[in-house]
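To start, the structure under review is shown below, and the notes come after it.
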Amino acid sequence: MLTALNQDAASPLRRPRKVDGIIELVGNTPLVEVRRTTRGLSRGVRVLAKLEGFNPGGSVKDRPALGMIRDAIDNGRLKPGRTIIDSTSGNTGIAIAMIGAALGYPVRLVVPANVSEERKNIIRLFGAEIVYSDPLEGSDGAIRLCRKIVAEDPEGYFKPDQYFNPMNSQAHYETTGPEIYRQTEGRVTHFVAGIGTGGTVMGAGRFLKERDPRIRVIAAEPDSEMHGLEGLKHMASSIVPGIYHEEELDLKIPVSTEDAYEMVYRLSQEEGLLVGQSSGAALVAAMDVARRLTHGTVVAVFPDFGARYMTTNLWTTWKESLDVGNVDFSI
Ligand SMILES: Cc1ncc(COP(=O)(O)O)c(C=O)c1O
């Protein structure tokens, strides 16, 4: 089955060898069957992962960032001389920084000071400027500080505003959803994605439901306010994004940080798939759904790869658990 899927026109193996610029490589990510970590499911059930780490900026966020920036250029809100600014927990910042560099626009990003070192460095390497917000206020603190900076000089900036810009979910409606439908040859029965801004689950979910109203759209959400799932939001304790419409979901599954981390470790060792914590969360929710089925094709979005999180709790916790074996013989 994997071979068949790889022959799909959307496979990176089929990407054109020469493109006019890096942003042409956004989207068309591969869909990979998760085989061993899903052991024990009914024979008629498959779980497939959409590997968004294959985007040139390394995450699912390349899609909405490009959609919002293209739209702003087209309607005149982004013109030469303006700086692109936004509040972002990381991946959107990297995507905006990459696209800004490719298209020649300066970029300024407001991020909570505790975002991983890897992410900050990548943003800086694309030439973007970082403004730090209070880490204790999380992504909501970054949203508030960014609004304040723009209010002081509204003409100087274009703010994509991923939490409220309909082009965020529209990018997934136009790309992620159609790719999944095509890659599964219309067999997808359940679509699972984590909620950050809600752009992925809303946009791709809407497309899939329009194609086949029987397709179930499921969101994976951190199970508490204090969680270690970078990129995801616990809605009850957050500013609810304007593009997020909970009533369009069929189900929302709470996922604990521990279960998501455990799934990440298993994926790396059982599948050779080194992904970020929100991918682990998506697979925990996808497995919850898949266990209830006798037949079906469950597609989960894996937003990025794990190398971006080497200095975060995800991998430091794992390393500590290995070190438990180093017994101490001293007296
Ligand atoms: C690592 C990661 N996973 C998941 C998401 C959630 O995606 P969305 O904003 O489309 O809900 C994000 C978005 O910020 C992210 O950075």
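How large is the dipole of segment 62-158 about the Cα centre if only Lys and Arg carry +1 and Asp and Glu carry -1, each at its Cβ, rounded to the nearest 20 debye?
Numbers: 12 positive and 13 negative charges, 40 e Å.
Once rounded to the nearest 20, the dipole reads 200 debye.
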Estimated distance in nm for a label pair at residue 316 and residue 266, the labels positioned 7 Å out from Cα along Cα-to-Cβ: 2.6 nm
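Based on DSSP H runs of at least 4 residues, each adding -39500 (n - 2.57), what is the mean residue ellipticity at 222 nm of the chain after dividing by all its residues, to the nearest 500 deg cm²/dmol? Each step should come with its number before you reach the end.
On the way: 11 runs with 121 residues, N = 331.
So the calculated ellipticity at 222 nm is -11000 deg cm²/dmol.
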What percent do you get for the relative contact order of the chain when only Cα pairs under 8 Å and 6+ apart count? 20 percent
Among 269, 183, 277, determine the one that fluctuates most according to a GNM of the chain built with springs between C-alpha atoms less than 10 Å apart. 269
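Mind checking the full-extension length gain between residue 77 and residue 224? Use 0.36 nm per residue of separation minus the Cα-Cα distance, one decimal, nm. Walk me through the numbers on the way to the answer.
Details: separation 147, 0.36 × 147 = 52.92 nm, distance 3.74 nm.
Separation in residues times 0.36 nm, less the Cα-Cα distance, equals 49.2 nm.
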Springs between alpha-carbon atoms under 10 Å, Gaussian network over the chain: tell me which of 304, 134, 86 tops the mean-square fluctuations. 134
Please work out how much length the chain gains when fully extended from residue 256 to residue 237, using 0.36 nm per residue of separation minus the C-alpha to C-alpha distance, in nm with one decimal. 5.3 nm
Which whole-number percent is the relative contact order of segment 62-158 (Cα, under 8 Å, 6+ apart)? 30 percent
Of the residues 317, 175, 189, which exhibits the maximal mean-square fluctuation in a Gaussian network model of the chain defined by a 10 Å Cα contact cut-off? 317
From the Cα gyration tensor of segment 15-61, with a ≥ b ≥ c the square roots of its eigenvalues, which class applies: rounded if a/c is under 1.5, or else prolate if a/b is larger than b/c, or else oblate? prolate
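Past 31 Å, Cα to Cα, is the threshold; run 148/209; 18/319; 50/319; 79/209; 159/319; 61/252 against it and keep the listed order.
Working: 148/209 38 Å; 18/319 41 Å; 50/319 27 Å; 79/209 36 Å; 159/319 39 Å; 61/252 21 Å.
Listed pairs above 31 Å: 148/209; 18/319; 79/209; 159/319.
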By the C-alpha gyration tensor axes a ≥ b ≥ c (rounded if a/c is under 1.5, else prolate when a/b exceeds b/c, else oblate), the shape of segment 62-158 is oblate
How would you classify the chain from its alpha-carbon gyration tensor, with a ≥ b ≥ c the square roots of the eigenvalues: rounded for a/c under 1.5, else prolate if a/b is greater than b/c, otherwise oblate? oblate
Size of charge dipole - the chain - debye, nearest 20, with Cβ of Lys, Arg +1 and Asp, Glu -1, no other charges: 1060 debye
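Quickly rank 100-110, 35-45 as a protection proxy: mean count of other C-beta atoms within 10 Å, highest first. Intermediate values should be presented prior to the final figure.
On the way: 100-110: 18.9, 35-45: 12.6.
With the highest mean Cβ count within 10 Å placed first, the list reads 100-110, 35-45.
No lab work stands behind these numbers, since they all come straight from the coordinates. Note that this is a predicted model, so its numbers are computed, not measured. All Cβ positions, even for glycine, are placed from backbone atoms using ideal geometry, and neighbour counts span all protein chains on display.
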